[in-house]
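What follows is calculated from the coordinates using simple rules that are stated; it is not laboratory data. These numbers were taken from a predicted model, which means no experiment stands behind them. Cβ atoms come from the backbone with ideal geometry, glycine included; neighbour counts cover every protein chain shown.
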Amino acid sequence: MRFLLLLVLVASALEAHKLSLFVTDEDGTLFVRSYFTRSAPCRECAVTIASVDGATLHELKTDENGAASIAVSALEVVVSVDGGSGHFAKQEYTLSDRGAKAEEPNEHRLVKILSALALIALFFWGFSFSKRYSRNREDHFGANA
């Protein structure tokens, strides 16, 4: 029992020192979020944006929330965050294609919505039909049928 308790304590201590890194992009802006735990963001941590061949493109620091953002022209980057004391996270990231975000026509959206509503109605109709069928069967054949 003591061994299990010790194992749980060691595992939770190791998890507390893990540096997590999340990278997203929108309209050519790269968003970086880094934290140790939910309540401990990586404040004022060094962020390096590099090309895939290793050339440094940008260097910046995270804010009080562990976030940083910068406009990036390269499509493939390597983001690394140095949290100090050996805490380091690195992630390769491919930015979304900026020209491929065409709006879906409204007719397609309407068809999708109507199809979904029809499927939901069909599901509930089938459910009520099966309940009605089982009730009629019990009335006709008795409770043991």
>> Among 19-27, 121-129, how do they line up by average Cβ neighbours within 10 Å per residue, starting with the highest?
In response: 19-27, 121-129
> When the label point is put 7 Å from the Cα of residue 90 along its Cα-to-beta-carbon vector, which residues of the range 63-77 have a backbone N closer than 16 Å?
Replying inline: 77
> Highest mean first, what order results for 89-96, 53-60 on Cβ atoms within 10 Å?
Replying inline: 89-96, 53-60
>> Testing the spin-label approximation: label points 7 Å from Cα along Cα→Cβ at residue 44 and residue 110. State their distance in nm.
In response: 5.8 nm
